[in-house]
Structure formats: C-alpha cells, structure tokens
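What follows is a single structure, written as structure tokens, with notes after it.
The values are calculated or read from the model by the stated rules, or taken from the named source; none is laboratory data. Here the structure is a predicted model, which means the values were calculated and not measured. Neighbour counts run over all protein chains shown; Cβ positions are idealised from the backbone, glycine included.
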Amino acid sequence: MNNSVSLEVLTRPPVQVPPHPQWPVLTEAELNAAKARIKQLLESRDAVLVAHYYTNPDLQELAEESGGCVADSLEMARFGTIQKAKTLVVCGVRFMGETAKILNPEKQVLMPDLNATCSLDEGCPAKEFTEFCDLHPDYTVVVYANTSAEVKARSDWVVTSGIALPIVKYLAQRGEKILWAPDKHLGRYVQKLTGVEMLLWQGSCVVHEEFKAVALERIRKLHPEAAVLVHPESPEAVIGQADVVGSTTALIKAVQNMENKSFIVATDGGIFHKMKQLAPDKLLIEAPTAGEGATCQSCAHCPWMGMNAVQNLEQVLRSGENEIIIDPEIREKAVIPIQRMLDFARTHQSDKSNPG
Ligand code: SF4
C-alpha cells in the first residue's frame, strides 16, 4: 500500500537557475602554476580542501593531491570533523559549507562562491517549512542534507542519499510517520521501499529532474549489456529502469565492482572523473537528458557546482573572504539532527546497505 501524501498545496514557483559559469580555460602551464600556488596557500593558512564529486576535475585533483578529500556530502561532513586544520575550504554548494561549519564551529569555513546554492535548498524556505512542520506535530521531520541551516534546525533527522533508506527503515520500526523534505523523488523512492507513511515536500533537483525515461529506454536498447546507475533524485520512471539506485559513492562503487564493461549513468556529469580514475577500462555513457521539454539546464551539470573553480578558490585563499557564518542559536539546534545521522552511520554501517 502506498502511504505517501504529496503536498501539492506546497508546489512553489520554479527556482531561478543561474546560467552555467564560463570560466576562462587555462593552459596546462597556467593550471599547474595555479595549483602550485593554491597548495602553498593551503599550507600557509593551515587549510584543507573538501570537494564534492560534482565539482570540476581540477578541484578534485587538487583536493586529493593536497591531503584533502573528494567525496559525497555524508563523507564530506565526516571528513571535516576529523581534520586538525584550522580552516576547511569547501568546494561544493552552500549547504555543504554550512554543514561543515555546524559540525566544526571552532574552524573557519571558506567557500569559493557563497552564491553556489542548490535548487532543493532554494525550494524549501525555512519560514514556510517551519509553518508546515508546526501543522503536523505528530510526524518525525526528516530533511535531506540539501537544506539550509535553519531548515535543519527545525528537523529531527538530517539524511544524505547514502543513508536515507536505513534511517527511515529504523524510524519505521519505531512506528514513526515521516514528514520528508525537500526532494520529492528521493522521498517517493524511500517511501516505496519502506512502506512508511510519509508527507512529501515537493522540491526537486534541477539536474536530476532532467533525465528522460523514454530516451533512457532507447539508449538501453542500444547498449543492452550496460548496467543502468541512477541517483535517487531522478524521476520515478528513470529510477524504475535502474540496476543500481544509490548515492554518488554507491554509483562509483558499482562501476568499480560490477562485472559489466559499460554503464549508463544518471547523475551529474562531474562524477565521471572519479569513475574514470577508479575504473579506466569501463565504458561510461551519460544518461539522456535531451528530448521533449529539454532546456538549457539539460546538460547534467549543476550550475551551482560549476561556480567552483581554480580561479575563485585561489582568490578566496588569498583574501579569506566568503566565510560561512551561522547564527549560534541555529547552529546549536541544527547540529543535533546532523550528529544523529553521523552517529547512526557509525553504528549501522550504512554503506553496506542499499544506499537509496
Ligand atoms: S546537483 Fe541538484 S541536488 Fe546537487 S547541488 Fe546541484 S541542484 Fe542541488
């Protein structure tokens, strides 16, 4: 029985999506020189780079070469907490920088561009969300990591796509009903697998929403041997065609560990860098985003992730600008559900379950 209740009443105007940033292309010599300067700046600032898989390959390489990390948002949060460095430089989107600051209030957290946000975060304003939660006091509030510090502060649990499913299963075993925000596709997917009663906020990711089910069927026929890997922020009809549904980390592991020689991948194209690094002999095919209704957003690259570049990373390391500041009262509340997730991850070995 499907117990999910969609909140059509909360359907909001579409989030304004910025154009994809056009960064000047650097020659190899310029890029190497910039990387060398950045490594020096990281050292002199006692700073460490924490980058997401969706950022550009130069930043991912820099993070790894300088002792930082490239990861999904769950691992980024974990990594920040075990660093001795005084400063965390988060290459990703704003909620990732905020999570780092919430978990590490004593550290300085910098970002290349504070305007790098996320359509899920933008589509779930704290005031409306709080009002909605107040109307449903008997529901456990579970929010995706892609939300503001204020929204997290109003929640009982924070989850990432890598741990959403085991946490909701755990809450279901305790007989709890879930108010879920903001991603409707991930919420529906989790609801379908758990059968829990869930109220779903109607947010979506502008990147994953563009994957097209009909075009995917066609491309599967052209590559019948390929495994289909889908991030659960994608529409239901796309998820329905997947061999593996999972977080970015789970999709990368699938490319490494499955015997298939080819894969059709439905998530942000930034992930291909790590996949190629770890499994150079595999053929990676981008899941189709074109087709009816295609827009300039249909390139499978997050425009906000694209705001991170070598150029503004260097600038921010020089100036110390773009620091994440969080109201201490909000921070005190927001850290509770985030810490709950990290404690759960530690004790339940969530990476071994279907990551959802
Ligand atoms: S890819 Fe989607 S979910 Fe991820 S930051 Fe961009 S808009 Fe948000």
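One residue stands out among those in the stretch 74-94 that are crowded, with 24+ Cβ neighbours inside 10 Å and under 17 Å from residue 120 (Cα atoms): the one that is modelled with the lowest pLDDT, which is 74. Just the residues that are hydrophobic (A, V, I, L, M, F, W, C) and more than 15 Å from the ligand (Cβ to nearest atom), please, taken from the stretch 52-69. Passing the criteria: 62, 63, 69. Reported count of residues in the stretch 236-282, each being touching a residue at least 12 places away in the same chain (Cβ under 8 Å), among the basic types (Lys, Arg) and part of a helix (DSSP H, G or I), is 1.
Of note, residue 91 satisfies the criterion of being closer than 29 Å to residue 69 by Cα, touching a His at 6+ places or on another chain (Cβ under 9 Å), within 16 Å of the ligand (Cβ to nearest atom) and not aliphatic (A, V, I, L, M). Please enumerate the residues belonging to the stretch 190-202 that are in a helix (DSSP H, G or I) and either more than 24 Å from residue 128 (Cα to Cα) or within 14 Å of the ligand (Cβ to nearest atom) (or both). Hits for the stretch 190-202 are 192, 193, 194. Being over 30 Å from residue 41 (Cα atoms) and either of a type in the set (Lys, Arg) or not in a helix (DSSP H, G or I) (or both) is true of residue 147.
Listed here are the residues, each with its yes/no results for (1) in contact with a strand residue (DSSP E or B) (Cβ under 6 Å, 6 or more places away or on another chain); (2) of a type in the set (S, T, N, Q).
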{"site": "128", "(1), (2)": "no, no"}
{"site": "131", "(1), (2)": "no, no"}
{"site": "142", "(1), (2)": "yes, no"}
{"site": "147", "(1), (2)": "no, yes"}
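Among the residues making up the stretch 311-335, a single one is outside any helix (DSSP H, G or I), charged (D, E, K, R) and more than 26 Å from residue 23 (Cβ to Cβ): 327.
State all residues of the stretch 101-116 that are crowded, with 19+ Cβ neighbours inside 10 Å and out of contact with any strand residue (DSSP E or B) (no Cβ under 7 Å at 6 or more places or on another chain); if no residue qualifies, say none. Passing the criteria: 102, 103, 113, 116. Return a yes/no flag: does the stretch 36-51 have any residue that is within 16 Å of the ligand (Cβ to nearest atom) and either modelled with pLDDT under 95 or within 29 Å of residue 159 (Cβ to Cβ) (or both). Looking through the stretch 36-51, at least one residue is within 16 Å of the ligand (Cβ to nearest atom) and either modelled with pLDDT under 95 or within 29 Å of residue 159 (Cβ to Cβ) (or both).
Which residue is nearest to residue 253 (Cα to Cα), if the candidates are limited to the stretch 203-232 and must be within 16 Å of the ligand (Cβ to nearest atom) and in a loop (DSSP other than H, G, I, E, B)? Per the criteria, the residue is 231.
Of the residues contained in the stretch 293-310, one or more are found to be under 30 Å from residue 40 (Cβ atoms), assigned to a helix (DSSP H, G or I), away from the ligand (no atom under 16 Å from the Cβ) and of a type outside the set (Gly, Ala, Ser).
Of the strands (runs of 3 or more DSSP E) lying entirely inside the stretch 37-139, those carrying at least 1 residues that are under 16 Å from the mean Cα position of the chain (by Cα) are 47-52, 69-71, 87-91.
In summary, residue 42 fulfils each of the numbered conditions (1) surrounded by fewer than 24 Cβ atoms within 10 Å (Cβ to Cβ); (2) within 22 Å of residue 184 (Cβ to Cβ) with the single exception of condition (2).
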